[in-house]
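Single-structure report; data block below.
The values are calculated or read from the model by the stated rules, or taken from the named source; none is laboratory data. Given the structure is predicted, the values throughout are model-derived calculations rather than measurements. Don't worry about glycine lacking a Cβ; one is built from the backbone with ideal geometry, like all the others, and counts go over all protein chains shown. Accessible surface is based on the protein model in full, side chains and every heavy atom, while ligands, DNA and RNA are left aside. Shrake-Rupley method; radii C 1.70, N 1.55, O 1.52, S 1.80 Å.
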Amino acid sequence: MEHPKYKIALIVGAGEGLSASLARLLAAQGIRVALAARKIEKLGALCSETGAKAYACNATEPDEVERLFGLVEREIGTPDLVVYNASGRTRGPFVDLVPADVANAIAVSAYGGFLVAQQAAKRMLPNKHGAILFTGASASIKGYAQSASFAMGKFALRGLAQSLARELSPQGIHIAHFVIDGGIRSAARTEAEDKPDSMLDPDAIAQSYWNVLQQPRSAWSWELELRPWVEKF
């Protein structure tokens, strides 16, 4: 059975963690990569390493998202793989939260996902081919205390993904949502010596994204939960 083939990937909300691991893995597979973030100054080394091109974009602004896709199309090609990896949050006691900060957090986590997915779908549907992946979190299915804005945003993103999977999968577009249930390891955030592998390795997460992308359409996943072996759930 032939596995789907992707040529051009766009990662929105790119940074030095999971997005970097995804960019390296996709580039190693021969896929051309575009990276989008509000600030792209820190992406220079990753672009040099992977051959990716970085674009500045505020994913909560419709005009900027449309412009992003237009630039990627003209300079690289039409993305047939799009990853939405951006999220926003503001923490604190519920009664102390600033409404404007909450609105912005929800916009980054969920509304931006809608804008990016809409532009992606418009381009994928004519060919009945493509994949749109959404990065969720523990908060996608569990609302923690003093984390209302993150829970609202991630719950909404999961709802968007499920709705799109039902609508677009029958039209050839693979939609998948990933619940990242645990802390992601980074240079600034590592496990204690007595707790090896108690955090998610970003390279391992990226490999799971790739595994989902390789699924034959007769057995597509729309959601995958990933957590360290010691994580409670």
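Tell me, what ³J(HN,Hα) does each residue in segment 127-134 have, in order and in whole Hz, if you take phi through Karplus 6.51 cos²θ - 1.76 cosθ + 1.60 with θ = phi - 60° and put x for Gly and Pro?
Rounded to whole hertz, the list is 9, 6, 7, x, 9, 10, 10, 10.
Taking segment 107-174, which trypsin sites (Lys or Arg not before Pro) meet the DSSP loop condition and have no more than 16 other C-beta atoms within 10 Å? Before the final figure, lay out the partial values.
Details: sites: 122, 123, 128, 142, 154, 158, 166; in loops: 128, 142.
For trypsin sites (Lys or Arg not before Pro) across segment 107-174 that sit outside H, G, I, E and B with at most 16 neighbouring Cβ atoms in 10 Å, the list reads 128, 142.
For segment 65-142, what does the accessible surface come to per residue with a 1.4 Å probe? Please give it in Å².
Numbers: 3410 Å² over 78 residues.
Spelled out: the 1.4 Å probe surface of segment 65-142, per residue, equals 44 Å².
Using the Karplus curve 6.51 cos²θ - 1.76 cosθ + 1.60 with θ = phi - 60°, work out ³J(HN,Hα) for each residue of segment 80-89 in order, rounded to whole Hz, and write x for Gly and Pro.
10, 9, 10, 10, 9, 10, 8, 7, x, 7
Given labels modelled 7 Å from the Cα in the Cβ direction, how far is it in nm from residue 186 to residue 201?
1.9 nm
How compact and how long is segment 1-139, expressed as Rg and Dmax of its alpha-carbon atoms in Å?
Final numbers for Rg and Dmax: 15.5, 55 Å.
Show the residues, 5+ positions off or on another chain, whose built amide H is closer than 5 Å to the amide H of residue 10.
34, 81, 82, 83
Which residues among segment 78-93 fall inside the zone where the amide N is under 11 Å from a point 7 Å beyond the Cα of residue 7, along Cα→Cβ?
Under 11 Å, as judged by backbone N against the label point of residue 7, lie 78-80 of segment 78-93.
When the Karplus curve 6.51 cos²θ - 1.76 cosθ + 1.60 is applied with θ = phi - 60°, which whole-Hz ³J(HN,Hα) does each residue of segment 187-194 get, with x for Gly and Pro?
For segment 187-194, the Karplus-derived couplings read 4, 8, 9, 10, 6, 5, 4, 8 Hz, x marking Gly and Pro.
Which residue, 68, 97, 213, has the most motion in a Gaussian network model of the chain that connects Cα atoms within less than 10 Å?
Maximum among the listed residues: 97.
As a test, work out the antiparallel percent of DSSP beta bridges whose residues both lie in the chain, rounded to the nearest 5.
Numbers: 1 of 29 bridges.
Once the DSSP bridges in the chain are tallied, antiparallel ones form about 5 percent.
Which GluC sites (Glu not before Pro) in segment 4-54 pass both tests, a DSSP loop state and at most 16 other beta-carbon atoms within 10 Å? Walk me through the intermediate numbers first.
Values: sites: 16, 41, 49; in loops: 16.
Those that pass, being in a loop and sparsely packed, are 16.
Name the residue from 196, 12, 171 whose Cα lies farthest towards the positive end of the charge dipole of the chain, charges +1 on Cβ of Lys and Arg and -1 on Cβ of Asp and Glu.
Positive-most Cα among the choices belongs to 171.
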